Amino acid sequence: MTTRKILVNTGGGDAPGLNAVIRAVTLSAVNLGWEVWGIREGYRGILAPDEFPNGGLVQLTKDAVRGITHRGGTILGTTNRGNPLKYPVQNEAGEWVEVDRCGELTAFFKEHDFDTLVAIGGDGSLSIANDIGLQSGINVIGVPKTIDNDLEGTIATFGFDTAIDFATECIDRLHTTAASHNRIMVVEVMGRYAGWIALFAGLAGTADAILIPEIPFDINKVVDKCTDRVANGRNFSIVVVGEGAKPIGGEISIIGKTIGQAERIGGMGQQVAHSLGELTGQETRCVVLGHLLRGGSPTTRDRMLSLRFGTAAVRAIAEGKRNVMVALQPPEISYIPLNEIAGKMKRVPLDGDAIKTARSMGICLGD
Ligand code: F6P
């Protein structure tokens, strides 16, 4: 039996199912006689170990991962600010600058005999992991995570099912309060530049209009939809807005951008609600589901996907695969070269079945 030492980390925004992946990787690797170590908060456990009172690395034993399959979040912690290739540090003048600290990671992997990193992350984290693999020589096995479902090469990422399940329940709940008050309720959901969450939850939750980043919208189309409903005796409307949606000729609503971090998106729901209130004369409210979509216990489907991904990652290592991402390509879990997906985004196809479903049912998509 080959004894190996592998590392696991979780990067970017958390998603329900991360702990199930950590458990699946750990159990299947330990059952092969391997040592498994988790890095705390992305790569910060290696690059800033002093910030962790119990050490920047934690050994993942069977005991350490007991009873975590159903738990949201990540026992390792995560960050979307710790890109080792663009690590934010303050220079002598007090300005924040980005520096490449990959050399330190390479030295660490060599010194401690780590040969493989299982990187659990979304598009940003897997791109970073791919670059680290290329520069350091460590083998990287990627596991696709994100509630946004916007990763190329896999039909689904874990976290998405839990997010849409919760969003759908929220939209269901908004119907009664909207009807009771004769209101338009606007629901903003996460998703970055892709409209998967908005479209799926909007369809399942019976929204009247769904605005997604892939289809720039004309607010007058949404106004027409809401006023038609009133004319037809329907006194309320539900409008779901993907956070990355934008009006025709307009821009995505950005909250801010700090060094070493992706731009923060948000605010479009409120803008749409304001315009609808003005243009229809109907009382309008906005609800932002935001980080609630990332919380809670993973659904059965997400747990299954996470466990399948985690064990497949270990099988990939055992079979000698290098620099691949595990992917759901039904009915199988397959492997796809990391460099084929790095930096690519999977957006909602405009000729796809979900869009056709929405159009056939008369849901307004803002165009
Ligand atoms: O990528 C997942 C995601 O949830 C996006 O949908 C959202 O824009 C982003 O994370 C928000 O991340 P945070 O607020 O943690 O920086």
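No value in this document is a laboratory result; all are computed from the given coordinates. Given the structure is predicted, the values throughout are model-derived calculations rather than measurements. All Cβ positions, even for glycine, are placed from backbone atoms using ideal geometry, and neighbour counts span all protein chains on display.
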(message) Name the residue from 226, 248, 292 whose Cα lies farthest towards the positive end of the charge dipole of the range 162-295, charges +1 on Cβ of Lys and Arg and -1 on Cβ of Asp and Glu.
(response) 292
(request) Output the DSSP H helices from the chain with an along-axis C-alpha extent of no less than 15 Å and a mean Kyte-Doolittle hydropathy no less than -0.5. (result) 18-30, 123-136, 160-181, 219-231, 268-280, 300-318
(request) Give the Debye-formula value of log10 I(q)/I(0) at each listed q (0.13 Å⁻¹), with one equal scatterer per alpha carbon of the range 16-137, two decimals each. (result) -0.55
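Can you list the equivalent-ellipsoid semi-axes of the range 255-367, largest first and in whole Å, using the square root of 5 times each Cα gyration tensor eigenvalue? Can you show the working numbers first?
Numbers: eigenvalues 284, 79, 51 Å².
Semi-axis lengths for the range 255-367 are 38, 20, 16 Å.
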(request) State the answer as a single residue: which of 318, 138, 78 lies farthest towards the positive end of the charge dipole of the chain, with beta carbon charges of +1 for Lys and Arg and -1 for Asp and Glu, about the Cα centre. (result) 318
(request) Any lysines with Cα under 22 Å of the residue 5 Cα? List them, leaving off those in the same chain fewer than 8 positions away. (result) 62, 110, 321
(request) In a Gaussian network model over the chain where Cα atoms closer than 10 Å are linked, find which of 92, 283, 104 has the largest mean-square fluctuation. (result) 92
(request) Determine the dipole magnitude for the range 162-295: charges of +1 sit on the beta-carbon of Lys and Arg, -1 on that of Asp and Glu, nothing else is charged, the reference point is the Cα centre, and the result goes in debye to the nearest 20. (result) 160 debye
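Counting only helical runs of four or more DSSP H residues, what would the 222 nm mean residue ellipticity of the chain come to if each run contributes -39,500 (n - 2.57) and the total is spread over all its residues? Walk me through the intermediate numbers first.
Numbers: 11 runs with 129 residues, N = 367.
Taken over the chain, the calculation gives -11000 deg cm²/dmol.
Show me the ranking of peptides 299-311, 245-257, 133-145 by mean Cβ neighbours inside 10 Å, starting with the highest.
Numbers: 299-311: 21.5, 245-257: 14.2, 133-145: 23.5.
Ranking, from highest mean packing down: 133-145, 299-311, 245-257.
Roughly what % of DSSP beta bridges within the chain run antiparallel, to the nearest 5?
Working: 16 of 50 bridges.
Once the DSSP bridges in the chain are tallied, antiparallel ones form about 30 percent.
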(request) May I ask you to derive the relative contact order of the chain, considering only C-alpha pairs under 8 Å and at least 6 residues apart, and to give it as an integer percent? (result) 21 percent
(request) Just need log10 I(q)/I(0) for the chain at q = 0.08, 0.10, 0.12, 0.15 Å⁻¹, Debye formula, equal scatterers on the alpha-carbon atoms, no solvent, rounded to two decimals. (result) -0.43, -0.65, -0.87, -1.19
